[in-house]
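Reviewing the structure listed below.
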Amino acid sequence: MNKKILVIMISAALLQGCASFRQLESTRKEAVAEQQRAREMMSDLRTRMPVVKESSRQWINPRPVMDKNTGKTVPGCPIVIHTRQSITLQQVVQRITESCHIPVRITPDVLTYLNTSTTGSTQQIQGALPPPDASGMVPLAAIGASDTPQSRLPGNASSLSELNASGLTSLLNAVSSRLGISWRYDGSHITFYYLDTRTFPITYMDSQVAYNATVVSGTMSSNGSSGGDASDAISGDASNTQTTTVDMKSALYQDVKNAVTSMLTPGVGRMFMSTGFITVTDNPQVLETVRAFIEKRNEEMKRQVVLNVEILSIRKTRNEQAGIDWNAVFSDRTLGLSLGSTFTGAASDAITGGVSIVDGKLTGSKAFLKALSSQGDVSVVTQNSAVTKNLTPVPMQIANQQSYIESVTTDTTANVGSSTSLNAATITTGFNMTLLPFILPDSQTLQLLYSMSLSDKPVIENYESGGSKAQLPNVDLKTINQTVDLKSGQTVIISGFQQSGRRSGKQGVGTPGFFGLGGGINSENDDTILVVLITPNII
């Protein structure tokens, strides 16, 4: 009976173990699948997108092609004007209406412009931009609202000394070019105008970039002494520092505003900028210049680049220790002597071998040999990919935060006692990098500004002075700040970070080199190599 119960219990345990194993194996497979999926996604992100795609089906461009001659096509009309006498704009408008039966309008800004004869100084008009009406004309209340005079050539330009033109389009072009105004046809009537208002989209978000990279190195020391008299005090400081600072500031919307302002007609043009839009009022020639600039700027700022960063930090270490650890007590108690090991630097994971002494006065004691020889090749590979737009910085950080005790203070109060307080601090170490790409216009080349720092985990050392205790973190820091020109798909290799350390020590009785009575020797070789690879892919 007992055997059957035992068999049942063992079977139940085995079945439970099989179920747990199946669950563990399923979890392991899911983890491997997710890891493989993540690797494939990272690989797809790092792979450059093809520039040309082939399609086996008919393709239609979804982006409409804008007609640059909008508003310049009028119905045919056999109107002919040949005169050597002066003719005003109003007379031309009357002839067009009578001959072609098309209504013609003259905006108020044209009349103001033609009737103003002054040569005042040119300057930019200040104030808010007046909203246009439904027909695109500036309201009458806004005309002449500023005390700033409009700049034009002196003389009465409201009339033409002579005019020779055949056909409606030829006549309109001749009149507008002679008077310095423009015309448009909207399907029902012709309009002569001087100023026009247009709104252009800004297809990227505003961002104010303040890039700062500072590298500081050097030492500073101070000393001083004082006597009983204040005049005997002596103090002094000595420092040797070197600082390299790179600053760059930019505001995207402000840059566009400054550029458009420089294009406006002095004393005439106005502009207003909001998030995502810029509204400009000026003559059509200036508006075309602004349109071309805004479209080109939008195209440049919308370009994107994939930045692939790979960091290899290789650290090669080799530690060797050897020594004899005596644990011997003389069997003759009359001697009253004992000898302990002076080899205090032996590692806890050192291999220990023992030899028993079986005769003589040291019977029962043991002599141990501790030896340690370790060598490690550590390769830390970190990969990170980021997608960013032109002139948009990308910060990358792979860091570790560690807390430590900055200071320990003890306050003593009479008749109360003492209280101890701990002041904690945090230090952040790891990999930090800032990348700022500038894609050159109409090119697959970019300028890459990068600043990086790499620090190992801190080594915390305990410090005590005068009853006060503190922990001091020691950090090895590596920094670099450079600008390079790269083509899409090229890789910049940042190397040259190599640090070597050689340390050795001896412990012995009598002399450091004699460790037969419980000493030892130790040595440590440490080589660190850092390699960073950056590959940009313009998409």
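Numbers for the structure displayed
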quantity	calculated
Contacts under 8 angstrom Cβ, first residue in the stretch 100-116 being at positive phi, partner surrounded by 15 or more Cβ atoms within 10 Å (Cβ to Cβ), 6 or more apart	none
Tally, over the stretch 449-458, of residues that are surrounded by 20 or more Cβ atoms within 10 Å (Cβ to Cβ) and within 14 Å of Gln482 (Cβ to Cβ)	3
Thr388 being modelled with pLDDT of 85 or more, in a loop (DSSP other than H, G, I, E, B) and either within 32 Å of the chain's Cα centre (by Cα) or not basic (Lys, Arg) (or both)	no
Count - residues of the stretch 402-452 that are farther than 25 Å from Glu464 by Cα and of a type in the set (Asp, Glu)	1
Val509 modelled with pLDDT under 80, β-branched (Val, Ile, Thr) and either surrounded by 12 or more Cβ atoms within 10 Å (Cβ to Cβ) or touching an Asp or Glu at 6+ places or on another chain (Cβ under 6 Å) (or both)	yes
Pair list, Cβ under 6 Å, 6 or more apart: the stretch 81-95 residue within 15 Å of Leu179 (Cβ to Cβ), other residue among the hydroxyl-bearing types (Ser, Thr, Tyr) and in a strand (DSSP E or B)	Ser86/Ser159; Thr88/Ser159
Counted residues, the stretch 454-476 - those being touching a residue at least 24 places away in the same chain (Cβ under 8 Å), assigned to a strand (DSSP E or B) and small (Gly, Ala, Ser)	3
The stretch 222-273: number of residues that are modelled with pLDDT of 70 or more, of a type in the set (Asp, Glu) and assigned to a strand (DSSP E or B)	1
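The values are calculated or read from the model by the stated rules, or taken from the named source; none is laboratory data. This is a predicted model, so every value here is computed, not measured. Reconstructed Cβ throughout: ideal geometry from the backbone, glycine too, with neighbour counts over all protein chains shown.
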